[in-house]
Amino acid sequence: MAHIPLTVTARQRYDAPPDLVFRAFTEPALLTRWFSPSADVAIEVLAHDLRPTGRYRFRYRQADGETSVVTGQFCEVSRPRRLVCTWTWEPPDAHAGIETLLTIDLVPDGEGTLVSVTHERFPDQKSRDRHDSGWHTTLPRLRQVLR
């Protein structure tokens, strides 16, 4: 079996300018409309201080009422091209306390934007695969906000 790096990479192209796509990743009112793996998972922005060293905290609520919270710190905020932050699940999540690194790059592509998400520093294959699935189902949902 081939070794799979413990990094997730997901790419998606949108028919929207980089500034609008950046806003969708950074404005709480827009994030709550799409930033989850499915329509059955609601996101609530509990904290969002968009600046280097600023912190964020999101609560995800499943259809069955189960919740999970992710928190982190913004490392780089380069509007409208790049966003880098840490990503850490809180207890009781199985991967609680493990800090990963998330980089979102936005590249102009004609009239649109190519988004490249790199999520790295996973401790094991299970955690990496969970996030790979999450990003590949979350990114397509951004289209509904950009229409």
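Readers should treat all values here as calculations from the given coordinates under stated rules, not as data from a laboratory. Please read all numbers here as calculations on a predicted model, not as lab measurements. For neighbour counting, all protein chains shown are included, and Cβ atoms are generated from backbone atoms with ideal geometry for every residue, glycine included.
Can you pull out every residue in the range 106-122 that is surrounded by 13 or more Cβ atoms within 10 Å (Cβ to Cβ) and farther than 11 Å from residue 21 by Cβ?
Matches in the range 106-122: 116, 117, 118, 119, 120, 121, 122.
Identify, from the list 113, 53, 88, the residue that is more than 22 Å from residue 140 (Cβ to Cβ) and touching a Phe, Trp or Tyr at 6+ places or on another chain (Cβ under 8 Å).
53
So, in the range 113-147, exactly how many residues are more than 21 Å from residue 83 (Cβ to Cβ) and of a type outside the set (Gly, Ala, Ser)?
Adding up the residues that qualify gives 7.
Give just the number: which of (1) under 17 Å from residue 90 (Cβ atoms); (2) touching a Pro at 6+ places or on another chain (Cβ under 8 Å) does residue 75 not satisfy?
Among (1) under 17 Å from residue 90 (Cβ atoms); (2) touching a Pro at 6+ places or on another chain (Cβ under 8 Å), residue 75 violates only (1).
If we only count strands (runs of 3 or more DSSP E) wholly inside the range 1-61, which ones have 1 or more residues that are of a type in the set (Lys, Arg) and more than 13 Å from the chain's Cα centre (by Cα)?
8-14, 55-61
Just name the residue that is surrounded by the most Cβ atoms within 10 Å (Cβ to Cβ) out of those in the range 32-79 that are in contact with a Leu (Cβ under 8 Å, 6 or more places away or on another chain) and β-branched (Val, Ile, Thr).
43
State yes or no: is residue 6 in contact with a Ser or Thr (Cβ under 7 Å, 6 or more places away or on another chain), in contact (Cβ under 8 Å) with a residue 40 or more places away in the chain and crowded, with 17+ Cβ neighbours inside 10 Å?
No: the conditions fail for residue 6.
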